[in-house]
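Okay, so here's the structure we're looking at.
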Amino acid sequence: MFSFQHDALLVDDREDLIAVLKMRFGSIPGEMIEDIYSINEADTLQRLILSAANAASLNVFLEDFNTGRDSFRLLGEGFNPLRDIVEGSERFNGKEQE
């Protein structure tokens, strides 16, 4: 792939990550936007987009964001975007709570 095509895809992924974060969690600090724009690996950006879309809270996302570029651990209830809604209901994981 030509460099300008790769660079354009990185810009798109960065903007997608920022958009998902803003949709899910509201405004985000300028420092975080700068950190996102310093990422030059498409795989890392795509992983962070998945993390932002599935993190139950901004704190869960920030924990993943700060663990390093090679991390990939979207596991557990921290990455259930409906966690807080489901925990407040009478049913959890399809079963009646006791």
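Observations on the model:
- The residues neighbouring Ile33, those whose beta-carbon lies less than 11 Å from its own, together hold a net charge of -2 under the Lys/Arg +1, Asp/Glu -1 convention.
- Less than 5 angstrom separates the built amide H of Ala56 from those of Phe79, Asn80, all sequence-distant by 5 or more or on a different chain.
- The string of couplings for segment 31-48 from the Karplus curve (6.51, -1.76, 1.60, θ = phi - 60°) is 4, 5, 4, 4, 4, 4, 6, 8, 7, 10, 10, 4, 4, 5, 4, 5, 5, 5 Hz, one whole number per residue in order, with x for Gly and Pro.
- Simple label model, 7 Å out from Cα along Cβ direction - Glu31 to Asp12, nm: 3.2
- Descending by average beta-carbon neighbour count within 10 Å, the peptides 41-49, 21-29 line up as 41-49, 21-29, the highest first.
- Using θ = phi - 60° and Karplus 6.51 cos²θ - 1.76 cosθ + 1.60, couplings along segment 49-61 (whole Hz; Gly, Pro as x): 4, 4, 4, 4, 6, 10, 5, 6, 8, 5, 4, 5, 4
- Estimated FRET transfer efficiency when R0 is 25 angstrom, pair Glu63-Met23 (beta carbons, to 0.05): 0.80
Since every read-out is calculated from the coordinates, none of them should be taken as a lab result. A quick note: this is a predicted structure, and the numbers were derived from the prediction, not measured. No Cβ is skipped: glycine too gets one built from the backbone with ideal geometry, and neighbour counts run over all protein chains shown.
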